Amino acid sequence: MERLAAGLAAAACFLVVGNASAVRPFITDDARVVGHGNAQLETWARYDKGTFQHWIVPAIGPVDWLEATIGAVHGVALDPDRRYSLAAPLLQTKILFHEARPDSSPGVALILGTFLPFGFGGFESPPNAFAYLAATQVIGNDDLLIHANVGIAGARMDEPATDTPQELAKHDRIRGSWGVATQIHLYRAANLALEVFSGDPYAEVSGGAAQGGLRFSVTPNMQIDASAGGGVWGGDARMPFWASTGLRIVRPGVF
């Protein structure tokens, strides 16, 4: 009981006035940072036919224009055998160039990150890095948000068995990524979220996909997402159908 009470108190300390604008489990990022001295916790679960994933991604704002993130994913790889899996750490920084203001010019940010090659059970990945630009247009009092991303990601694979062009291409694998998303306020706490994207900076996926769901602003600093999506193009590499749910809470004035 003491541990449970301590855990609830730790979570409750986040629940004070702040401006939450959740991104994950949606792939397309926004051009907003958590803010100077603030902390946030994003966590989400995702299920598809091959995996059950649970992500934990906290972040802090050292200064007004910078957000620093560290995270991890664990869960169960379902195919071919059920086994516990882990990949960590995710290291990411978001640099804000221009703040998104209502009915004004879009906000712009640059995101840089890497997933270090540690893990087991199927979630681990080769050394990789990613970079992308994010833009956010705000209309009204967050009545309509439009996000757009474009970037690249690369993974350093094992030494190729041969020096054929095909093997060399697999050895240095660089891929592009992009996404367009919108959030539309519906009624009170409910918002509709939609996106279409190709590639995920956090994962080596191919083809394009679409996702939609609801985002509930429970308090000014707490949001809950429920969404589902699937591959739209990409042939045999098309992403499977998935369902996800996520939570984001913000704690201003941590330091």
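Laid out as a table, the results:
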quantity	calculated
Residue that is nearest to VAL76 (Cα to Cα) [pool: residues in the range 89-146 that are of a type in the set (Ser, Thr, Tyr) and surrounded by 14 or more Cβ atoms within 10 Å (Cβ to Cβ)]	SER125
Extreme residue, farthest from the chain's Cα centre (by Cα), among residues of the range 107-122 that are small (Gly, Ala, Ser) and outside any strand (DSSP E or B)	GLY121
Residue count for the range 77-96, restricted to those that are free of Cβ contacts under 8 Å to residues at least 40 places away in the same chain and either under 23 Å from ILE60 (Cα atoms) or in a strand (DSSP E or B) (or both)	11
In the range 86-106, the residues that are under 19 Å from the mean Cα position of the chain (by Cα) and among the polar types (S, T, N, Q)	GLN92, THR93
Within the range 52-70, considering residues that are of a type outside the set (Phe, Trp, Tyr), surrounded by 19 or more Cβ atoms within 10 Å (Cβ to Cβ) and in contact with an Asp or Glu (Cβ under 8 Å, 6 or more places away or on another chain), the one farthest from LEU91 (Cα to Cα)	GLY61
Any hit, the range 200-212, residues being among the acidic types (Asp, Glu) and within 16 Å of ARG175 (Cβ to Cβ)	yes
Selection within the range 128-169 - at pLDDT below 55 and part of a loop (DSSP other than H, G, I, E, B)	GLU159, PRO160, ALA161, THR162, ASP163, THR164
Only one of SER125, SER104 that is part of a loop (DSSP other than H, G, I, E, B), at pLDDT 95 or above and touching a strand residue (DSSP E or B) at 6+ places or on another chain (Cβ under 8 Å)	SER104
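The values are calculated or read from the model by the stated rules, or taken from the named source; none is laboratory data. These numbers come from a predicted model, not from an experiment. Methodologically, a virtual Cβ is constructed for each residue, glycine included, from the backbone with ideal geometry; neighbour enumeration extends over all protein chains shown.
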